[in-house]
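K.L.:
Here it is: the structure, laid out below.
The values are calculated or read from the model by the stated rules, or taken from the named source; none is laboratory data. As the structure is a prediction and not an experimental result, all values here were calculated from the model. Cβ atoms come from the backbone with ideal geometry, glycine included; neighbour counts cover every protein chain shown. Accessible surface is based on the protein model in full, side chains and every heavy atom, while ligands, DNA and RNA are left aside. Shrake-Rupley method; radii C 1.70, N 1.55, O 1.52, S 1.80 Å.
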Amino acid sequence: VSAHEYPVGYGDHVKSLFSRRTAEVQAAFLLPYIRAGMQLLDCGCGFGHLTLDFANLVGDDGRVVGIDVEASPLQGARRATKERGLRNVTFQQANIYELPFDDNAFDVAFSNAVLCHLSDPLKALGELRRVVKPGGTVGCRDMDIGGHIIHPETQIIRKGLDLRQRAIAFLGNNYRIGRELRGLFLESGFRDVLASATCECMGEQDTLDHTCEYLAKQWDLAPFARVVIEQGWATPQEVAELRQAFLDFPRQAGAFDAYVWCQCVGTVP
Ligand SMILES: C[S@@+](CC[C@H](N)C(=O)[O-])C[C@H]1O[C@@H](n2cnc3c(N)ncnc32)[C@H](O)[C@@H]1O
């Protein structure tokens with residue numbers, strides 16, 4: 001998979017949405033497996049918000065490496081590392097399919113919202129397994145749009161979500177991979193496989209405004225929006241209307257939005 005198939009892009013609005021992510025929430029399922037002094041790999045780390053949280057968790061005797069296939073978000077990650085004065089974290093441009101690390105180099109490997117963008121998630125899991133020591137832990141988390149609730153589900157919002165999903169799938173991404181994680185981990189040969197799910201809720205004005213502003217900007221900026229127009233699934237005028245509908249959504253009476261995220265951990269045999 002190459003970066004051009006990544007449907008979301010790396011704009012400031014993406015960075016702003018991801019900056020609200022914390023290891024405490026997004027990696028809660030993995031925290032029981034992380035201890036001070038460990039070597040941890042964050043694959044597809046993007047702007048590195050979770051990576052930097054992991055650096056605090058493993059402490060000065062530990063080490064965290066963040067890798068991403070795209071160079072641009074890593075620049076911001078390196079700046080944030082300096083600003084926070086962290087010395088146990090590094091960022092490297094690399095592909096999850098060909099990790100530039102020796103076998104058994106890490107205690108824990110993690111990915112958040114990455115397997116859904118890959119055409120061969122099993123191959124990626126094989127690489128995560130290779131670079132983690134026997135007895136170490138691999139944990140992956142991805143959303144599953146089958147568990148999406150949005151209210152009120154007006155016709156135009158439904159149309160926008162369907163077109164977005166169609167374009168994302170067209171670009172080779174699988175936003176229903178959450179439910180497959182347990183099977184993928186078992187097929188990869190992990191033991192003690194444990195799958196679970198959590199719900200991310202936009203249940204107050206601030207998170208609704210922030211998320212919907214992001215979704216609206218996506219209709220201007222994200223690679224998937226270009227696909228919708230290029231494929232003739234909607235006109236530029238219709239796309240502009242979709243953009244406006246997402247901007248207006250938080251002011252609908254009783255607006256509420258919730259997504260299911262699935263996660264899985266396994267032990268390297
Ligand atoms: C949705 S973002 C998630 C970023 C970060 N994990 C977070 O939760 O904030 C997905 C990231 O995966 C990266 N990615 C996609 N394909 C990749 C690959 N083959 N190898 C490494 N990273 C990849 C993208 O460049 C992007 O930064």
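K.L.:
Among all residue pairs at least 6 apart or on different chains, which show Cβ distances below 8 Å where the first residue, located in region 11-36, is touching a residue at least 12 places away in the same chain (Cβ under 8 Å) and more than 18 Å from V64 (Cβ to Cβ) and the second is open to solvent by 50 Å² or more (accessible area, probe 1.4 Å) and part of a helix (DSSP H, G or I)?
P.N.:
Filtered contacts from region 11-36: G11/K217; G11/L221; H13/E213; H13/K217; H13/L221.
K.L.:
Can you confirm whether region 244-262 contains a residue that is buried (at least 18 other Cβ atoms within 10 Å of the Cβ) and among the hydroxyl-bearing types (S, T, Y)?
P.N.:
So far as region 244-262 goes, yes, one or more of its residues are buried (at least 18 other Cβ atoms within 10 Å of the Cβ) and among the hydroxyl-bearing types (S, T, Y).
K.L.:
Output the number of the condition that K82 fails; it satisfies all remaining conditions of (1) open to solvent by 20 Å² or more (accessible area, probe 1.4 Å); (2) in a helix (DSSP H, G or I); (3) within 15 Å of the ligand (Cβ to nearest atom).
P.N.:
(3)
K.L.:
Quick check on region 201-242: of everything there that is surrounded by fewer than 16 Cβ atoms within 10 Å (Cβ to Cβ) and polar (S, T, N, Q), which residue is nearest to the chain's Cα centre (by Cα)?
P.N.:
T207
K.L.:
Can you tell me which residues in region 47-67 are in contact with a strand residue (DSSP E or B) (Cβ under 8 Å, 6 or more places away or on another chain), under 25 Å from G9 (Cα atoms) and open to solvent by 10 Å² or more (accessible area, probe 1.4 Å)?
P.N.:
Within region 47-67, L50 is the sole residue that qualifies.
K.L.:
Here's a check for you: in region 89-104, which residue that is more than 10 Å from the ligand (Cβ to nearest atom) and crowded, with 18+ Cβ neighbours inside 10 Å is nearest to C43 (Cα to Cα)?
P.N.:
F91
K.L.:
Now a separate question. Considering every residue within region 151-158, establish whether at least one is of a type in the set (A, V, I, L, M, F, W, C) and modelled with pLDDT under 95.
P.N.:
There is no residue in region 151-158 that is of a type in the set (A, V, I, L, M, F, W, C) and modelled with pLDDT under 95.
K.L.:
Being assigned to a strand (DSSP E or B) and modelled with pLDDT of 95 or more is true for just one of D162, D144. Which residue is that?
P.N.:
Values: D162 fails: assigned to a strand (DSSP E or B).
D144 is the lone residue from the list that is assigned to a strand (DSSP E or B) and modelled with pLDDT of 95 or more.
K.L.:
Of everything in region 165-179 that's assigned to a helix (DSSP H, G or I) and in contact (Cβ under 8 Å) with a residue 24 or more places away in the chain, which residue is surrounded by the most Cβ atoms within 10 Å (Cβ to Cβ)? It would help to see each step written out before you state the result.
P.N.:
To start, the set of residues in region 165-179 that are assigned to a helix (DSSP H, G or I) comprises 165-170, 177-179.
From what is left, the residues that are in contact (Cβ under 8 Å) with a residue 24 or more places away in the chain are 166-168, 170, 177-179.
Details: R166: 15, A167: 23, I168: 22, F170: 16, I177: 20, G178: 26, R179: 15.
Filtering region 165-179 for residues that are assigned to a helix (DSSP H, G or I) and in contact (Cβ under 8 Å) with a residue 24 or more places away in the chain, the one surrounded by the most Cβ atoms within 10 Å (Cβ to Cβ) comes out as G178.
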